[in-house]
Amino acid sequence: GAVLGVVAIALKFGFNLVANGPVDRWLHAALPQTWADPAYWCYVGSLTGVCECGIFLVAAPLIKRRQWSWREALSLGVGFGAIEALVFGAAASVSAFSANQAGAWASVTTWSETLSPAFERLLTLPIHAAAAVMILRALIDRKWPWFWVSFAYKSAVDSVALWLILSGTSLFYSLWLREWLCFAPFALIGVLVLLYLRRR
């Protein structure tokens, strides 16, 4: 799971580096801003679906060779998300702590809010786990609607996150409110999906 996560993140980073700028410019040249901005957020979100869900299709021959217990399926998803959670959560918390020490965030943050990036990464664990288990179900049992639900789910998470970052909404400046309104609902959905699939 961790290996698949690393490969997916590297692919997404490569796509973002090469394609995001040209796509953003093209969308804003072709559409009014009220349509171009949401289209761009959805495009970036769908890149997450393509890379993070598509990597499982590449690994499908290995995944489909054996039966999976519930614990193994869950471990695959947790391993997929844990690398991202550990790396980005730690880096973001250190960055937030440093900014707070320097007084750069004095007007918008408190000491407790330096922990919000790590809390955000913790919330993404059930999201990654649920998405991976849905894909595993699709691959093993050939129930392909689960794959597309996983794709839409992962894409929606990043689309909403990008909206918060780029839209200029005041929610972006309230770190804890952003976590609870953006990531917590998706994490709750992930937990419910995991409980549902465990019975099956």
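The values are calculated or read from the model by the stated rules, or taken from the named source; none is laboratory data. Note that the structure is predicted; figures quoted are calculated from it, not measured. Note that we place each Cβ from the backbone using ideal geometry, even for glycine, and neighbour counts take in every protein chain shown. Please note that ligands, DNA and RNA were not included when accessible areas were found on the heavy atoms of the full protein model with its side chains. Shrake-Rupley method; radii C 1.70, N 1.55, O 1.52, S 1.80 Å.
Remarks
- Filter result for I165 (under 19 Å from V3 (Cα atoms) and either at pLDDT 70 or above or touching a Phe, Trp or Tyr at 6+ places or on another chain (Cβ under 6 Å) (or both)): no
- Filtering region 168-191 to residues that are small (G, A, S) and modelled with pLDDT under 90 leaves G168, S170, S174, A184.
- Residue within region 4-26 that is of a type outside the set (K, R), under 19 Å from L162 (Cα atoms), at pLDDT below 90 and in contact with a Pro (Cβ under 8 Å, 6 or more places away or on another chain) present: no
- Long-range neighbours under 9 Å by Cβ, at least six apart or interchain, first residue free of Cβ contacts under 8 Å to residues at least 40 places away in the same chain and among the polar types (S, T, N, Q) within region 121-136, second in a helix (DSSP H, G or I) and open to solvent by 10 Å² or more (accessible area, probe 1.4 Å): none
- When every residue of region 63-72 is checked against the conditions, none turns out to be open to solvent by less than 30 Å² (accessible area, probe 1.4 Å), of a type outside the set (S, T, N, Q) and under 17 Å from the mean Cα position of the chain (by Cα).
- Residue within region 72-83 that is at pLDDT 80 or above, among the β-branched types (V, I, T) and within 26 Å of C51 (Cβ to Cβ) present: yes
- Among (1) in contact with a Ser or Thr (Cβ under 7 Å, 6 or more places away or on another chain); (2) within 21 Å of I83 (Cα to Cα); (3) among the aliphatic types (A, V, I, L, M); (4) at pLDDT below 85 - the single one I135 does not satisfy: (4)
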